[in-house]
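K.L.:
Take this structure first; my questions come after.
The values are calculated or read from the model by the stated rules, or taken from the named source; none is laboratory data. As the structure is a computational prediction, the values presented were derived from the model and not from experiment. In this analysis, Cβ positions are derived from the backbone assuming ideal geometry, glycine residues included, and neighbour counts consider all displayed protein chains.
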């Protein structure tokens with residue numbers, strides 16, 4: 001499945017790109033949003049992109065105005081310091097995993113085929129889902145599934161996973177885990193989404209500390225964006241959107257530009273089903289009295 005940039009035109013308009021400005025694409029991915037920002041920049045403009053996934057380097061854009069950093073956006077401030085950038089004119093976040101990552105079976109993000117239980121955005125660091133499920137007790141596994149997946153059957157699912165582990169037959173791969181979840185969840189046959197979807201989301205969020213990274217990244221972006229600049233965030237589930245909404249609403253450094261989030265139109269959703277759940281929120285950095 002080809003990756004298509006979601007809310008592409010809306011996010012570019014939200015950033016209000018200035019020809020000679022310096023911008024950050026905090027989630028480079030396939031580079032769709034980055035290419036649009038570069039098109040809007042003049043020759044003196046600059047775009048700095050972040051991506052925790054080391055495979056992103058293969059998609060780097062050959063443009064002297066472009067810099068790609070292999071780093072999580074939670075470390076945005078230290079990496080901007082390292083390249084001598086004190087402030088920027090705008091930051092764009094496009095959260096979640098990309099279609100490319102879902103299609104890379106060995107990464108374990110999808111249960112369309114058997115794959116290792118990994119799900120790390122950066123496979124070179126941190127704890128995999130397999131390691132998480134092998135070392136946590138039933139209560140902690142259930143808590144993660146409920147908190148990050150909003151899965152009502154979290155306790156039954158955790159109990160089934162731990163029972164298999166204790167019997168010496170732990171879940172082997174993504175398909176095995178999806179089957180265990182489906183049986184434990186006892187979902188009705190007519191349910192629109194696969195019963196493992198919420199649990200897979202929860203485990204991915206947990207091993208990558210995605211919500212903690214989002215809080216850190218937003219704070220860094222707001223601190224580094226110059227007055228008059230903008231921070232735009234595309235989220236795909238309520239946990240992310242709630243953090244963005246509350247951060248923008250409560251931070252005195254910004255003026256909220258989207259009372260309600262912008263969403264994709266019918267044409268975009270028809271062409272790219274991933275856009276169905278996308279929400280775009282935008283805030284403008286303001287002067288803060290000393």
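K.L.:
Mind telling me which of the residues 58, 26 ends up being on the phi < 0 side of the Ramachandran plot and in contact (Cβ under 8 Å) with a residue 60 or more places away in the chain?
P.N.:
Numbers: 58 fails: in contact (Cβ under 8 Å) with a residue 60 or more places away in the chain.
Result of the check over 58, 26: 26.
K.L.:
Just to be sure I understand, how many residues within region 8-29 are surrounded by 22 or more Cβ atoms within 10 Å (Cβ to Cβ) and either outside the structural domain of residue 59 (by TED's automatic domain parsing) or in a helix (DSSP H, G or I) (or both)?
P.N.:
3
K.L.:
For region 201-218, indicate whether the set of residues that are crowded, with 22+ Cβ neighbours inside 10 Å, in the same structural domain as residue 278 (by TED's automatic domain parsing), in contact (Cβ under 8 Å) with a residue 40 or more places away in the chain and part of a strand (DSSP E or B) is non-empty.
P.N.:
So far as region 201-218 goes, no, none of its residues is crowded, with 22+ Cβ neighbours inside 10 Å, in the same structural domain as residue 278 (by TED's automatic domain parsing), in contact (Cβ under 8 Å) with a residue 40 or more places away in the chain and part of a strand (DSSP E or B).
K.L.:
Moving on to the next point. What's the number of the condition residue 167 fails, among (1) farther than 20 Å from residue 113 by Cα; (2) in contact (Cβ under 8 Å) with a residue 12 or more places away in the chain?
P.N.:
Against the list (1) farther than 20 Å from residue 113 by Cα; (2) in contact (Cβ under 8 Å) with a residue 12 or more places away in the chain, residue 167 comes up short only on (2).
K.L.:
Could you list all residues from region 267-283 that are out of contact with any helix residue (DSSP H, G or I) (no Cβ under 6 Å at 6 or more places or on another chain), buried (at least 18 other Cβ atoms within 10 Å of the Cβ) and at pLDDT below 90?
P.N.:
Result: 272, 274.
K.L.:
So how many residues does region 92-115 have that are closer than 20 Å to residue 210 by Cα, modelled with pLDDT of 90 or more and outside any strand (DSSP E or B)?
P.N.:
The number of residues fulfilling the criteria is 1.
K.L.:
Another question about this same structure. Those residues that are more than 22 Å from residue 122 (Cα to Cα) and either in contact with a helix residue (DSSP H, G or I) (Cβ under 8 Å, 6 or more places away or on another chain) or touching a residue at least 24 places away in the same chain (Cβ under 8 Å) (or both), I need them from region 84-96; list them, please.
P.N.:
Selection gives 85, 86, 87, 88, 89, 90.
K.L.:
Give me a count of the residues in region 66-87 that are farther than 22 Å from residue 205 by Cβ, touching a strand residue (DSSP E or B) at 6+ places or on another chain (Cβ under 6 Å) and crowded, with 17+ Cβ neighbours inside 10 Å.
P.N.:
5
K.L.:
Still on this structure, I have one more. Test residue 197 against the criterion of being farther than 21 Å from residue 52 by Cα, at pLDDT 95 or above and either out of contact with any strand residue (DSSP E or B) (no Cβ under 9 Å at 6 or more places or on another chain) or assigned by TED's automatic domain parsing to the domain that holds residue 87 (or both), and give yes or no.
P.N.:
Criteria not met by residue 197.
K.L.:
Could you tell me whether residue 249 is touching a strand residue (DSSP E or B) at 6+ places or on another chain (Cβ under 7 Å) and either assigned by TED's automatic domain parsing to the domain that holds residue 75 or crowded, with 21+ Cβ neighbours inside 10 Å (or both)?
P.N.:
On the way: touching a strand residue (DSSP E or B) at 6+ places or on another chain (Cβ under 7 Å): yes; either assigned by TED's automatic domain parsing to the domain that holds residue 75 or crowded, with 21+ Cβ neighbours inside 10 Å (or both): yes.
Here the answer is yes, as residue 249 does meet what is asked.
K.L.:
Now, a different point. Any idea which residue in region 219-264 is nearest to residue 95 (Cα to Cα), counting only those that are without any contact (Cβ under 8 Å) to a residue 12 or more places away in the chain and outside any helix (DSSP H, G or I)?
P.N.:
260
K.L.:
Given (1) free of Cβ contacts under 8 Å to residues at least 60 places away in the same chain; (2) surrounded by fewer than 21 Cβ atoms within 10 Å (Cβ to Cβ); (3) on the phi < 0 side of the Ramachandran plot, identify the lone condition not met by residue 181.
P.N.:
Going through (1) free of Cβ contacts under 8 Å to residues at least 60 places away in the same chain; (2) surrounded by fewer than 21 Cβ atoms within 10 Å (Cβ to Cβ); (3) on the phi < 0 side of the Ramachandran plot one by one, residue 181 breaks only (2).
K.L.:
When the residues of region 143-171 are narrowed to those that are surrounded by 14 or more Cβ atoms within 10 Å (Cβ to Cβ) and in a loop (DSSP other than H, G, I, E, B), which ends up nearest to the chain's Cα centre (by Cα)?
P.N.:
150
K.L.:
Which one is surrounded by the most Cβ atoms within 10 Å (Cβ to Cβ), of the residues in region 43-63 that are out of contact with any strand residue (DSSP E or B) (no Cβ under 9 Å at 6 or more places or on another chain) and part of a loop (DSSP other than H, G, I, E, B)?
P.N.:
Among those residues, the one meeting the criterion is 44.
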